[in-house]
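Scroll down for the structure; my scribbles are underneath it.
The values are calculated or read from the model by the stated rules, or taken from the named source; none is laboratory data. Here the structure is a predicted model, which means the values were calculated and not measured. When we count neighbours, we look across all protein chains shown, and the Cβ atoms used for this are built from the backbone with ideal geometry, even at glycine.
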Amino acid sequence: MTIKNILVPLDGTDATRPALEIALSIARKVKSHVDVLHVKTDSKSVVPLLGEGMSGNMIEEMIEFAEKETEERSTNARALFESKCSEMGIPVASAPDGNGPSARWVEKVGREEEIVAKM
(Lines give C-alpha, C1' and ligand atoms only; values in the text may rest on other atoms or scores of the structure.)
Protein backbone atom coordinates (compact mmCIF):
# COMPACT_ATOMS: atom_id res chain seq x y z
CA MET A 1 0.00 0.00 0.00
CA THR A 2 1.27 3.45 -0.92
CA ILE A 3 0.47 6.47 1.17
CA LYS A 4 0.67 9.59 -0.98
CA ASN A 5 -0.89 12.22 1.25
CA ILE A 6 -1.49 12.58 4.99
CA LEU A 7 -3.91 15.15 6.41
CA VAL A 8 -3.20 16.42 9.92
CA PRO A 9 -5.51 18.95 11.59
CA LEU A 10 -3.48 21.12 13.94
CA ASP A 11 -5.29 23.38 16.41
CA GLY A 12 -2.41 25.23 18.03
CA THR A 13 -2.57 23.38 21.35
CA ASP A 14 -0.05 20.89 22.72
CA ALA A 15 -2.63 18.12 22.35
CA THR A 16 -2.10 17.96 18.57
CA ARG A 17 1.73 17.96 18.68
CA PRO A 18 2.00 14.12 18.72
CA ALA A 19 -0.25 13.83 15.65
CA LEU A 20 2.04 16.16 13.71
CA GLU A 21 5.18 14.34 14.84
CA ILE A 22 3.77 10.95 13.88
CA ALA A 23 2.52 12.18 10.50
CA LEU A 24 5.91 13.70 9.66
CA SER A 25 7.69 10.51 10.78
CA ILE A 26 5.47 8.39 8.55
CA ALA A 27 5.95 10.81 5.65
CA ARG A 28 9.71 10.56 6.03
CA LYS A 29 9.59 6.76 6.00
CA VAL A 30 7.21 6.33 3.07
CA LYS A 31 8.15 9.52 1.18
CA SER A 32 4.68 11.02 1.26
CA HIS A 33 3.28 14.55 1.50
CA VAL A 34 1.67 15.97 4.66
CA ASP A 35 -1.03 18.63 4.51
CA VAL A 36 -1.07 20.31 7.90
CA LEU A 37 -4.44 21.99 8.29
CA HIS A 38 -5.21 24.76 10.73
CA VAL A 39 -8.79 25.98 10.79
CA LYS A 40 -9.29 29.44 12.20
CA THR A 41 -12.66 29.96 13.85
CA ASP A 42 -14.72 32.75 12.37
CA SER A 43 -14.98 35.01 15.41
CA LYS A 44 -18.40 36.22 14.36
CA SER A 45 -19.70 32.67 14.68
CA VAL A 46 -19.54 32.97 18.48
CA VAL A 47 -22.33 35.57 18.48
CA PRO A 48 -25.23 33.08 18.07
CA LEU A 49 -23.83 31.10 21.00
CA LEU A 50 -23.99 34.07 23.32
CA GLY A 51 -27.74 34.11 23.61
CA GLU A 52 -30.13 36.88 24.31
CA GLY A 53 -29.84 39.50 27.00
CA MET A 54 -26.24 40.43 26.30
CA SER A 55 -25.31 44.02 25.63
CA GLY A 56 -23.60 45.13 22.46
CA ASN A 57 -20.42 45.80 24.44
CA MET A 58 -20.41 42.27 25.86
CA ILE A 59 -20.86 40.78 22.40
CA GLU A 60 -18.07 42.98 21.05
CA GLU A 61 -15.76 41.88 23.88
CA MET A 62 -16.53 38.22 23.16
CA ILE A 63 -15.75 38.69 19.48
CA GLU A 64 -12.48 40.46 20.31
CA PHE A 65 -11.53 37.68 22.73
CA ALA A 66 -12.34 35.02 20.11
CA GLU A 67 -10.24 36.86 17.50
CA LYS A 68 -7.29 37.12 19.89
CA GLU A 69 -7.55 33.44 20.84
CA THR A 70 -7.82 32.41 17.19
CA GLU A 71 -4.73 34.41 16.20
CA GLU A 72 -2.73 33.05 19.13
CA ARG A 73 -3.59 29.46 18.26
CA SER A 74 -2.82 30.10 14.60
CA THR A 75 0.59 31.55 15.47
CA ASN A 76 1.36 28.61 17.79
CA ALA A 77 0.27 26.04 15.22
CA ARG A 78 2.33 27.63 12.44
CA ALA A 79 5.41 27.85 14.68
CA LEU A 80 5.05 24.19 15.64
CA PHE A 81 4.67 23.20 11.97
CA GLU A 82 7.78 25.13 10.92
CA SER A 83 9.91 23.92 13.83
CA LYS A 84 8.95 20.26 13.40
CA CYS A 85 9.52 20.32 9.64
CA SER A 86 12.94 21.88 10.19
CA GLU A 87 13.83 19.55 13.04
CA MET A 88 12.82 16.46 11.06
CA GLY A 89 14.31 17.60 7.75
CA ILE A 90 10.98 17.71 5.92
CA PRO A 91 10.92 20.33 3.15
CA VAL A 92 7.93 22.64 2.95
CA ALA A 93 6.32 22.48 -0.50
CA SER A 94 2.95 23.40 -1.96
CA ALA A 95 2.59 19.96 -3.54
CA PRO A 96 4.39 16.62 -3.42
CA ASP A 97 7.20 16.19 -5.91
CA GLY A 98 7.26 12.40 -5.67
CA ASN A 99 10.95 12.31 -4.75
CA GLY A 100 10.68 12.38 -0.99
CA PRO A 101 8.73 13.63 1.97
CA SER A 102 7.26 17.12 2.01
CA ALA A 103 4.75 19.15 3.98
CA ARG A 104 2.41 22.04 3.32
CA TRP A 105 0.75 24.53 5.66
CA VAL A 106 -2.95 25.03 4.92
CA GLU A 107 -4.95 27.64 6.81
CA LYS A 108 -8.69 28.11 6.37
CA VAL A 109 -11.47 29.94 8.20
CA GLY A 110 -14.66 28.15 9.20
CA ARG A 111 -15.84 25.11 11.13
CA GLU A 112 -13.08 22.53 11.46
CA GLU A 113 -15.30 19.48 10.98
CA GLU A 114 -16.75 20.86 7.74
CA ILE A 115 -13.39 21.85 6.28
CA VAL A 116 -11.72 18.54 7.20
CA ALA A 117 -14.61 16.66 5.58
CA LYS A 118 -14.14 18.63 2.34
CA MET A 119 -10.42 17.99 2.16
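Of the residues in the stretch 46-63, none is under 30 Å from SER25 (Cβ atoms) and modelled with pLDDT of 80 or more. Out of curiosity, is LYS84 at pLDDT 80 or above, more than 17 Å from GLU112 (Cα to Cα) and under 14 Å from the mean Cα position of the chain (by Cα)? Yes. Filtering the stretch 98-114 to residues that are surrounded by 12 or more Cβ atoms within 10 Å (Cβ to Cβ), over 15 Å from the mean Cα position of the chain (by Cα) and in a loop (DSSP other than H, G, I, E, B) leaves GLY100, PRO101. The condition of being aliphatic (A, V, I, L, M), closer than 21 Å to LYS4 by Cβ, outside any loop (DSSP other than H, G, I, E, B) and at pLDDT 85 or above holds for only one of ALA117, ALA79, that being ALA117. Restricting LYS68, LYS108, LYS118 to those that are in contact (Cβ under 8 Å) with a residue 40 or more places away in the chain and of a type outside the set (Gly, Ala, Ser) reduces the list to LYS108. Within this structure, SER43 fails the test of being at pLDDT below 95, more than 14 Å from the chain's Cα centre (by Cα) and loosely packed, with under 13 Cβ neighbours inside 10 Å.
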